[in-house]
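Taking it in order: structure first as structure tokens, then the write-up.
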Amino acid sequence: MNYQESLAYLDELSTFGTKLGLSRIEKLVGYLDNPQLHYKTIHVTGTNGKGSVSSMLSSILTMSNIKTGLYISPHLVSYTERIQIDGCPITEEAFADCISAVKTFADKMLAEGEESPTQFEVITAAAFLYFAINKVEYAVIEVGLGGLLDSTNVVKPEVSVITNVTLEHAALCGGTLEGVAKHKAGIIKEGVPVVTAAKGMPLEIIMQTAEEKSADIFIAGSDFSSVYSTFDGQYQYLRFLCELTGTNFDYKLKMLGDHQVENSALAIMTAGILSNNDERINRQNIIDGLVTAKWPARFEPLKLDGQSYIIDGAHNPAGMSILRQNLDKYYPEGKRVILLGILKDKDIDAMLDYLLRDDDEIVITTPDSARKASPEYIAQKIQNHHVELFADMYEALKAARHLANREKLLCITGSLYLTGELRQVLVDELKNVHK
């Protein structure tokens, strides 16, 4: 298969939807000689922040002169973003080759009367295979959904990271916050250290699971923390503190937002644990790795033709709450235009409640996903605001720019399927300006 054919195949698999369970992926990676066991892994889950933490850890390991794989989801523009080595996405040719190799055994499973692997399972197996072929030393693996029955949960990590736990994907994870917490805690392995920023009842469940698995646990806010110092318009300056190890040092981060303060603390604590067995991972490499870490479309500021943008892929109530806090912190003055697109399986009411101020002007459109909510459906939930509706996201961007008129902040949010596409439009325009 070439790249376009591999995408067509993945699109066919999307008809099987999301199916939790490990039997299919175990069979698939078994045929491939369990490539995920050929290198060390760090497994990262959580409701919010898992992508940021994964990116930070990948950057730290790469800066430590360690060949490092990174597996994330979803992508913003191209599937190749999901599979990276040392910050470089897989080529389209290598992506197609790995998908083709996995398809051979997926077809074998079907021929033997077994259930078809899902799209995510095939991509996950392809990522594991790519990392093994290229002999990475470490791979940072982000969970797709939940943890316990997620197809990434066939790795045997050096550290398990659980960023936080709020109510998301509840229908697939037991229907309650307790059920979601149990799924997240499902990545904890026997004797493998756990780093978490969970709080309340979810933390209790994670602590109980860690105890049952004889796994040391390190908790943000009690065992370690990072604190905000100042912001220079480009970087936020922070300080990491860990009483357990008597560690404290200053560092800076280009990834903005209060949530990134905690995310970076999780990454530093995880890297510190890894450094116990790998002297290449030292304080300076941690500091240098965090400086270069980036996570597109996560409270990402952009300025183009005099218009200020914030691009943020917040796609659940917790993410919207954080986005609103950061908007109020970094842009407290002036009016805002919100360009919004949300998937229909999200808690739209709570997301809108967290995000919107009374004087916000809103443009609603559709993300590039079969799960999109119609603009009309979202609009009926919004009262007493100026609202415009567009089926086409590019027309929506044009209208939102007109509303903002270089005087108001334009925030694009609601779904990574929306922010990824529109971010690319703006980035391409920026490139043309700088030619």
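General observations
- Listed residues Ala391, Ala400, Ala265, most fluctuating in the chain (Gaussian network, C-alpha, under 10 Å): Ala391
- Once C-alpha pairs closer than 8 Å and six or more residues apart are averaged by separation and normalised to the residue number of the chain, the relative contact order reads 15 percent.
- Of the GluC sites (Glu not before Pro) found in the range 170-273, those in coil by DSSP whose Cβ has at most 12 other Cβ atoms within 10 Å are Glu190, Glu243.
- Percent antiparallel among DSSP beta bridges (both partners in the range 335-408, rounded to 5): 10
- Report summary: the helix-based calculation at 222 nm, which adds -39500 (n - 2.57) for every DSSP H run with n ≥ 4 and divides by the residues of the chain, gives -12500 deg cm²/dmol.
- Neighbour cut-off at most 11 other Cβ (10 Å), DSSP loop, GluC sites (Glu not before Pro), the range 48-122: Glu112
- Counted residue by residue at 0.36 nm each, then reduced by the alpha carbon distance between them, the extension gain from Phe231 to His434 reaches 70.4 nm.
- The loop-placed GluC sites (Glu not before Pro) in the range 327-407, going by DSSP, that have at most 14 neighbouring Cβ atoms within 10 Å of their Cβ come out as Glu333, Glu407.
- For the chain, built as a Gaussian network whose Cα springs stay under 10 Å, the top-fluctuating residue of Val425, Val192, Val261: Val425
- Cα-based reach from Lys40 at 22 Å (exclusive), listing lysines while leaving out same-chain residues under 8 positions away: Lys27, Lys50, Lys67, Lys135, Lys156, Lys184, Lys189, Lys213
Values in this text are rule-based calculations from the coordinates and carry no lab data. Please read all numbers here as calculations on a predicted model, not as lab measurements. Counting neighbours? That spans all protein chains shown, and the Cβs are built from the backbone with ideal geometry, glycine included.
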